[in-house]
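In what follows, a structure is listed as structure tokens, so that the remarks can point back to it.
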Amino acid sequence: MKLPIIILHGWGSSAAAWEKTKKLLEKAGYQVFIPDLPGFGKEPPPKNAWSVSDYVDFVLRFAKLAKLDKFVLIGHSFGGRIAIKLAAQSPQKVEKLILTGAPGIRFATLREKIKVETFAFVAKLGGLAFYVFPFTIFKPLARKILYWWSGSKDYYHAESKGLKETFKKVIYEDLASCLEEIKTPTFLLWGEK
């Protein structure tokens with residue numbers, strides 16, 4: 001019998017984005033589950049800022065309600081972060097792990113660290129300047145440009161303060177220590193090839 005599959009979508013996405021994949025897998029005889037993660041799709045955002053661990057707990061509760069003792073776990077992008085931590089903490093649940101475009105190691109290079117720290121500094125400094133008239137009228141446009149330039153469009157599009165705080169909590173968590181804990185057979189998909 002084929003093990004069920006849980007697919008975890010990326011930030012700003014939802015279960016709906018994986019419907020074609022779900023249909024293909026079901027056609028191949030798999031039972032597929034794709035929960036909307038809190039803050040996306042039909043799931044309301046968390047009231048307080050959530051960490052990756054909070055999302056792991058959500059997925060484990062989802063699996064328990066669906067009566068899934070063991071499953072194949074597919075994580076895309078943000079869903080990959082959750083999948084990394086879940087596989088490290090609950091290896092008895094995850095039979096196989098597939099990660100696609102899954103970040104998890106923070107500040108892999110000095111250049112990336114400098115970019116993130118510079119962005120944080122400019123955002124704080126720039127934010128103060130836009131409280132002074134006439135700069136107040138340019139604040140929305142300046143914020144949009146800054147977030148797009150820094151690669152933080154997901155933060156910009158987060159609809160609630162709780163989701164913005166969740167985004168910061170999630171991306172600043174370094175999952176490098178979890179990687180060595182994963183004993184589950186893992187398939188990595190990254191980039192065009």
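Just so you know, all these numbers are worked out from the coordinates, no wet-lab data involved. The shown structure was predicted, so the numbers you read here are calculated from the model rather than taken from an experiment. All Cβ positions, glycine included, derive from the backbone under ideal geometry; neighbour counts span all protein chains shown.
In order along the range 7-22, the Karplus-derived 3J(HN,Hα) couplings, from 6.51 cos²θ - 1.76 cosθ + 1.60 at θ = phi - 60°, round to 10, 10, 6, x, 5, x, 10, 7, 4, 4, 5, 10, 4, 5, 4, 4 Hz, and Gly and Pro are given as x. Remark on Ile98: its backbone amide H falls under 5 Å from those of Leu73, Ile74, Gly75, Phe187, a criterion applied only to residues 5 or more positions apart or on other chains, H modelled at 1.01 Å from N. For the range 164-193, applying the loop criterion from DSSP together with a ceiling of 13 other beta carbons within 10 Å to the GluC sites (Glu not before Pro) yields Glu180, Glu192.
Could I have the simple spin-label model distance between Glu43 and Phe187, label points 7 Å from Cα toward Cβ, reported in nm to one decimal? Going from the Glu43 label point to the Phe187 one covers 2.4 nm.
With a 10 Å radius around each residue's Cβ, average the other Cβ atoms per peptide and rank 8-21, 76-89, highest first.
Numbers: 8-21: 18.0, 76-89: 24.6.
Averaged packing, sorted descending, gives the order 76-89, 8-21.
For the range 69-108, compute Rh as the Kirkwood radius over C-alpha pairs and then the Stokes-Einstein diffusion coefficient at 20 °C and 1.002 mPa s; write the answer in µm²/s, rounded to an integer.
Numbers: Rh = 10.1 Å.
Translational diffusion coefficient: 212 µm²/s.
Evaluated at q = 0.22 Å⁻¹, a Debye calculation over the C-alpha positions of the range 1-79 (equal weights, vacuum) places log10 I(q)/I(0) at -1.07.
Where in the range 2-36 is the amide nitrogen less than 18 Å from a point lying 7 Å along the Cα-to-Cβ axis of Lys96? Residues passing the 18 Å test: 2-8, 21-34.
Based on the alpha carbons, how large is the Rg to Rh ratio for the range 40-83 when Rh follows Kirkwood?
Details: Rg = 11.2 Å, Rh = 11.5 Å.
When Rh is taken as the Kirkwood radius, the ratio is 0.97.
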